[in-house]
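Written out below as structure tokens is the structure these notes cover.
The values are calculated or read from the model by the stated rules, or taken from the named source; none is laboratory data. On a predicted model such as this, the values are computed, not experimentally measured, just so you know. Glycine also receives a Cβ, built like all others from the backbone with ideal geometry; neighbour counts cover every protein chain displayed.
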Amino acid sequence: LVALADTEPMMEKLFQYRFTGNSDLAGHSFGNLFITAMTEVTGDIEQALKESSRVLAVKGRVFPATTAKVRLSATMDDGSVVDGESQIPLVHKRIKRVHIFPRQVEAVPSTLKAIREAEVIVLGPGSLYTSVIPNLLVEDIAREIRESSAIKIYICNVMTQPGETDDYTASMHVRALIEHGGNGIVDYVLVNNKPISQEMQEHYAREGQYPVLVDENAIADLGVKCFKADIIDDSKMIHHDSLKLAHQVMEIYHTLQRDN
């Protein structure tokens, strides 16, 4: 929502803010709480997104994967199960797989229609297991993407995320997408190739975050082609630059169109 909204930069920071400390809000993002509150006010998630889009002056359309009430859980490498999107990163264990409950839910028809009509489908960036992959756990969504003839691009995270992708390489991000969404869920991955300063790396290391290693050969072994470009804004903190990202996505699209 905020990525498409005509708002001040502070609004984006606010929606991405995650509460810390020992309160019941710890781990939750303000953006998720905003949508939850709007859902209770309007009666359902689809209407909540429509009203949120209006309030935030969103340019574009935002569709939910499902209107069903679902719960996210993760099975860890040691066999333990953690319930709740905000709780999963807090245990700091290697994630084996994430699930939604109930397992079978209906996708929103307008969302499926938008996927069918798309020329480019972009996955990410965002928290791999708690933001990106959950959409693929709605089987109709994953199937529609797999069967689409659109160009399917995954925007790989620049830094690892504590409790979710510790020590992950780019190919490990892609593999997780394929394991959850199935073969054909992604054709291309876009990764950052702008060097990150030592000072910035040291800053992030104190928070347990490190640059995602781009292992091109391992990505190719998954049947996915890698595109590399400068797609970050590192003026203060490291995050994707929306304009650079949009430019590179369109560059990939036009390049592939010319080649075909």
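A few remarks follow.
- Put simply, of V81, V55 the only residue that is exposed (fewer than 15 other Cβ atoms within 10 Å of the Cβ), under 20 Å from L137 (Cα atoms) and among the β-branched types (V, I, T) is V81.
- Test: residue in the stretch 89-105 that is touching a Gly at 6+ places or on another chain (Cβ under 8 Å) and either modelled with pLDDT under 85 or at positive phi (or both): yes
- Breaking point among (1) in contact (Cβ under 8 Å) with a residue 60 or more places away in the chain; (2) surrounded by 15 or more Cβ atoms within 10 Å (Cβ to Cβ); (3) out of contact with any Cys (no Cβ under 8 Å at 6 or more places or on another chain), for L190: (3)
- For L25, the conditions (1) touching a strand residue (DSSP E or B) at 6+ places or on another chain (Cβ under 6 Å); (2) in a loop (DSSP other than H, G, I, E, B); (3) over 28 Å from A114 (Cα atoms) are fulfilled apart from (1).
- With respect to being over 17 Å from M172 (Cα atoms) and surrounded by fewer than 18 Cβ atoms within 10 Å (Cβ to Cβ), E139 fits the description.
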